[in-house]
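J.: Before I ask anything, here is the structure I am working with.
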Amino acid sequence: MKIALITTTINVPRVLEIYRKIGPEVRFFVAGDVNTPSEAYQFASQLNNCYCILPEAQNKWKCSNLLGWHNDSRRNIALLEAIDWGADIIVSIDDDM
């Protein structure tokens, strides 16, 4: 069974370390925003089985421009990536609440 965790972030998503300990087999999909710092991508990319989606890469989805920036709707891109990957279960989180 393929399990995905999706999120978007404008911070360094340290909470993913906790989720990684709980579910080492879960694939993470992190959709960045135009104001996501490079440190966030560096941190997330060090976690096993974590796919960071840079803003430029999000343009492959036709809905990307409609979602806008500076809001948590970017998580929909992570959702699409998880579906494309073939996830059976998708867990959606917010990294700062």
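The values are calculated or read from the model by the stated rules, or taken from the named source; none is laboratory data. All figures in this text were calculated on a predicted structure; none of them were measured in a lab. Cβ coordinates were reconstructed from backbone atoms using ideal geometry, including for glycine residues, and neighbour counts include every protein chain displayed. Accessible surface is based on the protein model in full, side chains and every heavy atom, while ligands, DNA and RNA are left aside. Shrake-Rupley method; radii C 1.70, N 1.55, O 1.52, S 1.80 Å.
J.: Just to be sure, is Ile93 under 16 Å from Pro13 (Cβ atoms) and either touching a strand residue (DSSP E or B) at 6+ places or on another chain (Cβ under 7 Å) or touching a residue at least 40 places away in the same chain (Cβ under 8 Å) (or both)?
T.: On the way: under 16 Å from Pro13 (Cβ atoms): yes; either touching a strand residue (DSSP E or B) at 6+ places or on another chain (Cβ under 7 Å) or touching a residue at least 40 places away in the same chain (Cβ under 8 Å) (or both): yes.
Yes, satisfied.
J.: Tell me the residue from Ile53, Ile93, Ile89, Ile77 that is of a type in the set (A, V, I, L, M, F, W, C) and out of contact with any helix residue (DSSP H, G or I) (no Cβ under 8 Å at 6 or more places or on another chain), please. Let's see the steps before the verdict.
T.: Details: Ile53 fails: out of contact with any helix residue (DSSP H, G or I) (no Cβ under 8 Å at 6 or more places or on another chain); Ile93 fails: out of contact with any helix residue (DSSP H, G or I) (no Cβ under 8 Å at 6 or more places or on another chain); Ile77 fails: out of contact with any helix residue (DSSP H, G or I) (no Cβ under 8 Å at 6 or more places or on another chain).
One residue alone meets the criteria, Ile89.
J.: For segment 19-26, indicate whether the set of residues that are in contact (Cβ under 8 Å) with a residue 60 or more places away in the chain and open to solvent by less than 50 Å² (accessible area, probe 1.4 Å) is non-empty.
T.: Step one: list which residues in segment 19-26 are in contact (Cβ under 8 Å) with a residue 60 or more places away in the chain, which gives 19, 26.
Next, only the ones that are open to solvent by less than 50 Å² (accessible area, probe 1.4 Å) stay: 26.
Yes: one or more hits.
J.: Okay, next question. How many residues are open to solvent by 70 Å² or more (accessible area, probe 1.4 Å) and small (Gly, Ala, Ser) when one looks only at segment 36-47? Give the derivation first.
T.: Just the residues of segment 36-47 that are open to solvent by 70 Å² or more (accessible area, probe 1.4 Å), to begin with: 39, 42, 45-46.
Still in the list and also small (Gly, Ala, Ser): 45.
Final tally of qualifying residues: 1.
J.: Here is a follow-up. I'd like the full set of residues that are within 22 Å of Glu17 (Cβ to Cβ) and crowded, with 16+ Cβ neighbours inside 10 Å, limited to segment 48-78. Let's see the steps before the verdict.
T.: Step one: filter segment 48-78 for residues within 22 Å of Glu17 (Cβ to Cβ), giving 48-54, 72, 74-75, 78.
Answer for segment 48-78, where residues must be within 22 Å of Glu17 (Cβ to Cβ) and crowded, with 16+ Cβ neighbours inside 10 Å: Cys50, Tyr51, Cys52, Ile53, Asp72, Arg74, Arg75, Ala78.
J.: Considering segment 79-91 alone, what residues qualify as being under 20 Å from Leu54 (Cβ atoms) and either among the β-branched types (Val, Ile, Thr) or open to solvent by 70 Å² or more (accessible area, probe 1.4 Å) (or both)?
T.: Listed by number, the residues that qualify are Ile83, Asp84.
J.: For segment 61-73, indicate whether the set of residues that are in contact (Cβ under 8 Å) with a residue 12 or more places away in the chain, in contact with a Phe, Trp or Tyr (Cβ under 8 Å, 6 or more places away or on another chain) and of a type outside the set (A, V, I, L, M) is non-empty.
T.: no
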